[in-house]
1. Could you identify the single residue in 92, 51 that is open to solvent by less than 50 Å² (accessible area, probe 1.4 Å) and either of a type in the set (Gly, Ala, Ser) or touching a residue at least 24 places away in the same chain (Cβ under 8 Å) (or both)?
2. Only one residue in 64, 40 is exposed (fewer than 15 other Cβ atoms within 10 Å of the Cβ) and part of a loop (DSSP other than H, G, I, E, B), so which one is that?
3. I need the full set of residues from segment 1-24 which are assigned to a helix (DSSP H, G or I) and open to solvent by 60 Å² or more (accessible area, probe 1.4 Å), in order please.
4. Got a sec? Which of 55, 47 is farther than 20 Å from residue 92 by Cβ, out of contact with any helix residue (DSSP H, G or I) (no Cβ under 8 Å at 6 or more places or on another chain) and among the β-branched types (Val, Ile, Thr)?
5. Sort out which residues of segment 95-133 are open to solvent by 60 Å² or more (accessible area, probe 1.4 Å), within 14 Å of residue 10 (Cα to Cα) and not hydrophobic (A, V, I, L, M, F, W, C), and write them in order of number.
6. Of all residues in segment 75-89, which are surrounded by fewer than 19 Cβ atoms within 10 Å (Cβ to Cβ) and either modelled with pLDDT under 95 or out of contact with any Lys or Arg (no Cβ under 9 Å at 6 or more places or on another chain) (or both)?
Amino acid sequence: MGASEIAAILRHAYEGLAARDPSAVVSSFAAEGVLHIENGTFGGDYVGPEAIAGVLAGLFEWTGGTLRLDVEEIFTDEKHGVALVRETGRRARDGVELDVRETHLLHIENGLVVDFWDLPAIAGRDAHEAFFSETR
């Protein structure tokens, strides 16, 4: 699979997320694909479609459906993808807003994501962790 096909898979997944269709995201992962989230309440490794769908549902609930990942740029080769995104949202419980840049790193095999790392930019790391924290 070439770089342009990988880019199309990623665009489809991000468009699905924007449309609040988690199946578009989940279907881009291999059966044992892993979503790695670094910090906060949702920090951890989510393995497989059910766990990934669950964490996405949790993120939508946490933000009252306001979570957005606006893709600024996508880079790919035949096995990897990098997406530079701007993540915004409003925490449902108290209206606190998030506006940070992130890098998403992906390893792809046979057209499916096997590893996905969600990495907030250093400049926004503290804000990201505070936003996704149980403490106020």
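1. Values: 92 fails: open to solvent by less than 50 Å² (accessible area, probe 1.4 Å).
Every option except 51 fails the conditions.
2. Details: 40 fails: exposed (fewer than 15 other Cβ atoms within 10 Å of the Cβ).
So the residue among 64, 40 that is exposed (fewer than 15 other Cβ atoms within 10 Å of the Cβ) and part of a loop (DSSP other than H, G, I, E, B) is 64.
3. So the first thing to find is which residues in segment 1-24 are assigned to a helix (DSSP H, G or I), and the list is 3-18, 22-24.
Residues satisfying the conditions are 4, 5, 11, 12, 15, 18, 23.
4. Values: 55 fails: farther than 20 Å from residue 92 by Cβ.
47 is the lone residue from the list that is farther than 20 Å from residue 92 by Cβ, out of contact with any helix residue (DSSP H, G or I) (no Cβ under 8 Å at 6 or more places or on another chain) and among the β-branched types (Val, Ile, Thr).
5. Selection gives 109, 110.
6. Step one: filter segment 75-89 for residues surrounded by fewer than 19 Cβ atoms within 10 Å (Cβ to Cβ), giving 75, 77-80, 82, 84, 86, 88.
Passing the criteria: 75, 77, 78, 79, 80, 82.
The values are calculated or read from the model by the stated rules, or taken from the named source; none is laboratory data. Remember, predicted model here, so these are calculated numbers, not experimental data. FYI the Cβ positions are ideal-geometry reconstructions off the backbone, even for glycines, and counts take in every protein chain you see. For accessibility, only protein heavy atoms count, side chains too; no ligands or nucleic acids. Shrake-Rupley method; radii C 1.70, N 1.55, O 1.52, S 1.80 Å.
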